[in-house]
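Asker: Below you'll find the structure I mean.
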Amino acid sequence: MRKAELKRDTNETKIAVSFSLDGEGKADINTGVPFMDHMLDLFIKHGLFDGDIKADGDTHIDDHHTTEDIGIVLGQAVKEALGDKKGIRRYGSAFVPMDDALAQVVIDCSNRPHLEFRGDIPNAKVGTFDTELVYEFLWKFALESRMNVHVIVHYGKNTHHIIEAVFKALARALDEATGIDPRVKGVPSTKGLLT
């Protein structure tokens, strides 16, 4: 089983993540940030991962530290679960519509972290959640998972729908990229490594 269990404790947050790439979509999420609970729940379910994500952070200040640190630990867990990356497809791409919104995510498990985010999130908040934190989460996830992640919001009017489409597309692209292809011998790189 390709899985990892990690913890990160700081003066600002305490994060615990148990994550499996080869799951059934079972999620147990409690971060203290309700909107992130929703996004992480659908990320796990639509990627057919299994994930237990717990966070206790300084949300009395705002949701920034908690959201960012979840991205860090989840990214590290994905990297650890991938192991030596032998047999993976390496690349993944997904388009996901959510009512009025259409998002695309393209991933390369390259060990060269980069986040490219193209598109607009029209409102600064969804409920009490600062939507600028979507970028912070994605950037830290890409950095710590050592992946090249391109996010394109093609269009959309409803902010919730746009962000939901992004997280679902991230899940499906990650599932494709990390999936095992029996035709792949070793790692899918002419360099001979992806670490």
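Asker: Of the cross-linked pairs Lys45/Lys85; Lys7/Lys85; Lys14/Lys54, which ones have a Cα-Cα span greater than 19 Å in the structure shown?
Answerer: Lys45/Lys85; Lys7/Lys85
Asker: Additional query: Kindly give the semi-axes, whole Å and largest first, of the ellipsoid equivalent to the chain, taking each as the square root of 5 times a Cα gyration tensor eigenvalue.
Answerer: Each semi-axis is √(5λ); the values are 26, 20, 14 Å.
Asker: Quick check: the angle from helix 159-178's long axis to the longest principal axis of the chain, C-alpha only, nearest 10 degrees?
Answerer: Long axis of 159-178 versus the principal axis of the chain: about 20 degrees.
Asker: Treating the angle as unsigned and between 0 and 90°, give the value, to the nearest 10°, between the Cα long axis of helix 64-82 and the longest Cα principal axis of the chain.
Answerer: Helix 64-82 sits roughly 10 degrees off the main axis of the chain.
Asker: Please report, for the Cα atoms of the stretch 47-125, the Rg to one decimal and the Dmax as a whole number; what are they, in angstrom?
Answerer: Rg and Dmax of the stretch 47-125, Cα atoms, are 15.6, 44 Å.
Asker: Let me ask something additional. Mind checking which lysines have their C-alpha under 18 Å from Lys125, skipping anything on the same chain fewer than 8 residues away?
Answerer: Once the sequence-local lysines are set aside, what remains near Lys125 is Lys157.
Asker: While we're looking at this one, here's another question. Could you state the accessible area per residue of the chain in Å², with a 1.4 Å probe and every protein chain left in place?
Answerer: Here the per-residue accessible area is 47 Å².
Asker: Tell me the volume per residue, in Å³, of the convex hull enclosing the alpha carbons of the stretch 80-161.
Answerer: For the stretch 80-161, the hull spanned by Cα atoms encloses 99 Å³ per residue.
Asker: For the chain, which whole percent of the accessible surface, found with a 1.4 angstrom probe, sits on carbon and sulfur atoms?
Answerer: Carbon with sulfur: 48 percent of the solvent-accessible area.
Asker: Right, here's the next one. Please give the length that would be gained between Lys125 and His154 if that part of the chain were fully extended, namely 0.36 nm times their separation in residues minus their C-alpha to C-alpha distance (nm, one decimal).
Answerer: 8.5 nm
Asker: To make sure I understand the rule: partners must be aspartates and glutamates, Cα under 13 Å from the Cα of Lys185, and not fewer than 8 residues away in the same chain. Which ones qualify?
Answerer: Asp84
Asker: May I ask for the angle, rounded to the nearest 10°, between helix 34-47 and the longest principal axis of the chain, with both axes built from Cα atoms and the value confined to 0 to 90°?
Answerer: 20 degrees
Asker: Right, here's the next one. Would you work out the charge dipole size for the stretch 27-68 about its Cα centre, treating the Cβ of every Lys and Arg as +1 and the Cβ of every Asp and Glu as -1, and quote it to the nearest 20 debye?
Answerer: Roughly 160 debye for the stretch 27-68.
Asker: List the aspartates and glutamates whose alpha-carbon lies under 20 Å from that of Lys26, not counting same-chain residues fewer than 8 positions away?
Answerer: Glu5, Asp37, Asp41, Asp50, Asp52, Glu80, Glu164, Asp175, Glu176
Asker: Another question, if that's okay. What is the dipole size for the chain, taken about its Cα centre, with +1 at each Lys and Arg Cβ and -1 at each Asp and Glu Cβ, in debye to the nearest 20?
Answerer: Roughly 1140 debye for the chain.
The values are calculated or read from the model by the stated rules, or taken from the named source; none is laboratory data. Just so it is clear, the structure is predicted and the values come from calculations on it, not from any experiment. When we count neighbours, we look across all protein chains shown, and the Cβ atoms used for this are built from the backbone with ideal geometry, even at glycine. Note: areas computed on protein heavy atoms with side chains; ligands, DNA, RNA excluded. Shrake-Rupley method; radii C 1.70, N 1.55, O 1.52, S 1.80 Å.
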